[in-house]
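S.K.: Before we start, here is the structure in question, set down as structure tokens.
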Amino acid sequence: MTEAAFYDFFLWSWIGLGAAILVVLFFVTAPYGRHAKRGWGPRMPATLGWVVMEAPASLGFLAYYLVSDRRGEPVSLALLVLWELHYADRAFLFPFRRRSPGQTTPVLIVASAVFFNFCNTYLNGRWLFTLGPERPVSWLADPRFVAGTVLFVVGLVTNRWADNVLFRLRRDAGPGYHVPKGGLYRFISCPNYAGESLQWLGWALATYSLGGLTFAVWTLANLLPRAVSNHRWYKKTFPDYPPERRAFVPFVW
Ligand code: NDP
């Protein structure tokens, strides 16, 4: 089997699995953070877990870029910068900004995220830098790239802002969970998840690739059901939780 044939087979299987996971996660909430539970096997420090989970995506994408003949080309370089704006931060800075001292996480969660990141990084990095069509420099002015990049950056800024609001809550109000307020939190419980989903929908458009689309599908599969669980959890935990606030989409859901 050629790598191109393997890629196609893997891509469609991965999209199918992502759709199935979307359904499963509405019934089983991943047991980390506020939904942590006993009984998911051995555990490891959560900060280390985040680095181990996310580093393969940052380093793997960089490696696909470096071994490619297309390195140094403007489109490849622009895509590398977008990806690393997210993943270099997510793998090497974000874990140390969190304020959950002493927290542990199941090794099983870390292992599944590592697997997810290996597959996702292969489907994106290998396609964009080697297997997919070479994009001319004019792609940088293509409306799909421009609109996708705008969505990506808006999503990234929203995600980081929303995570920082949560970190500041613990700095200012002490350990435990508090009701976040202000900005997008007036409308939805999880603007960090909504921002991240927008980001990868933008990536799918900017790369105009099925690999990018699968990433968006998987992100929604992970984050939509979790936003619903978090929203339910907030309403149960805080009796005065703002009733007009939705889970994921302002005014709608
Ligand atoms: P959460 O919103 O559950 O938590 C983010 C951080 O804020 C954690 O450190 C959490 O602490 C803390 N926190 C959450 N709510 C409160 C609160 N009400 N009061 C005080 N502190 C709070 O996000 P996740 O941990 O699920 O995800 C972290 C990031 O990773 C997000 O940006 C998310 O978008 C991204 N992500 C992306 C996925 C993808 O598939 N692309 C999948 C999963 C996450 P604690 O850990 O103690 O709960």
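The values are calculated or read from the model by the stated rules, or taken from the named source; none is laboratory data. If you're wondering where the values come from, they're calculated on a predicted model, not measured in any experiment. Here the Cβ is made from the backbone with ideal geometry for all residues, glycine too, and neighbour counts use every protein chain on show. What goes into the accessible areas is simple: the full protein's heavy atoms, side chains included, and nothing from ligands, DNA or RNA. Shrake-Rupley method; radii C 1.70, N 1.55, O 1.52, S 1.80 Å.
S.K.: Compute the accessible area per residue over the stretch 115-243, keeping the other protein chains in place, probe 1.4 Å, unit Å².
M.R.: So the stretch 115-243 comes to 43 Å² accessible per residue, rounded to a whole number.
S.K.: Using modelled amide H (1.01 Å from N, peptide plane; none on Pro or chain starts), what sits under 5 Å from the amide H of Ile188, excluding residues fewer than 5 places away?
M.R.: Residues meeting the criterion, in which the H sits 1.01 Å from N, are Arg246.
S.K.: How long are the semi-axes of the ellipsoid equivalent to the stretch 1-63, from square roots of 5 times the Cα gyration tensor eigenvalues, in whole Å, largest first?
M.R.: Largest first, the stretch 1-63 gives 29, 20, 9 Å.
S.K.: So what is the calculated 222 nm ellipticity per residue for the chain, using -39500 (n - 2.57) for each DSSP H run with n of 4 or more, over all residues, to the nearest 500 deg cm²/dmol?
M.R.: -21500 deg cm²/dmol
S.K.: Continuing with the same structure: For the stretch 139-253, which whole-number percentage of the solvent-accessible area (1.4 Å probe, protein heavy atoms only) is attributable to carbon and sulfur atoms?
M.R.: Carbon with sulfur: 67 percent of the solvent-accessible area.
S.K.: Assigning unit charges at the beta carbon (Lys, Arg +1; Asp, Glu -1) and nothing else, what dipole magnitude in debye, to the nearest 20, does the chain show about its Cα centre?
M.R.: Rounded to the nearest 20 debye, it is 1280 debye.
S.K.: With a 1.4 Å probe and all protein chains left in place, how much accessible area per residue does the stretch 1-94 have, in Å²?
M.R.: I get 53 Å² per residue for the stretch 1-94.
S.K.: Which residues make up the longest stretch of the chain that has no GluC sites (Glu not before Pro) in a DSSP loop with at most 15 other Cβ atoms within 10 Å?
M.R.: The segment 1-133 is the longest one with no such site.
S.K.: Rounded, prolate or oblate: which one fits the chain, using the alpha carbon gyration tensor with axes a ≥ b ≥ c (rounded when a/c is under 1.5, else prolate when a/b beats b/c, else oblate)?
M.R.: Taking the square roots of the gyration eigenvalues as a ≥ b ≥ c, the chain is prolate.
S.K.: For Tyr177, put the label point 7 Å out on the Cα→Cβ axis and report which residues of the stretch 45-64 keep their amide N under 19 Å from it.
M.R.: Within reach of a label on Tyr177, which here means backbone N under 19 Å from a point 7 Å along Cα→Cβ, the stretch 45-64 contributes 46-47.
S.K.: Local charge sum around Arg246 (other residues, Cβ-Cβ under 14 Å, Lys/Arg +1, Asp/Glu -1)?
M.R.: Every neighbour counted, the sum reads +3.
S.K.: Further question on the same structure: Looking at the stretch 5-63, which trypsin sites (Lys or Arg not before Pro) are in a loop (DSSP not H, G, I, E or B) and have at most 10 other Cβ atoms within 10 Å?
M.R.: Loop-located and lightly packed - Lys37, Arg38.
S.K.: Would you please classify the overall shape of the stretch 86-183 from the alpha carbon gyration tensor, given that a ≥ b ≥ c denote the square roots of the eigenvalues, rounded means a/c under 1.5, and beyond that prolate means a/b larger than b/c while oblate covers the rest?
M.R.: Oblate, since a/c reaches 1.5 and b/c is not below a/b.
S.K.: Also, I was wondering about something else. When the accessible area of the stretch 49-105 is computed with all protein chains present and a 1.4 Å probe, what percentage of it is carbon and sulfur?
M.R.: 68
S.K.: Next up: Find which of Pro136, Ala113, Leu123 sits farthest along the positive direction of the dipole of the stretch 90-147, computed with +1 on the beta-carbon of Lys and Arg, -1 on that of Asp and Glu, about the Cα centre.
M.R.: Looking along the dipole axis, the top candidate is Ala113.
S.K.: Let me ask another. Quick query: amide H of Thr104 versus all other amide H atoms, modeled in the peptide plane; which residues come in under 5 Å with a sequence gap of 5 or more or a different chain?
M.R.: Those lying under 5 Å, H to H, from Thr104 are Ala46.
S.K.: Right, next: Determine which lysines satisfy two conditions relative to Lys37: a Cα distance under 26 Å, and not lying fewer than 8 residues away in the same chain.
M.R.: The qualifying lysines are Lys235, Lys236.
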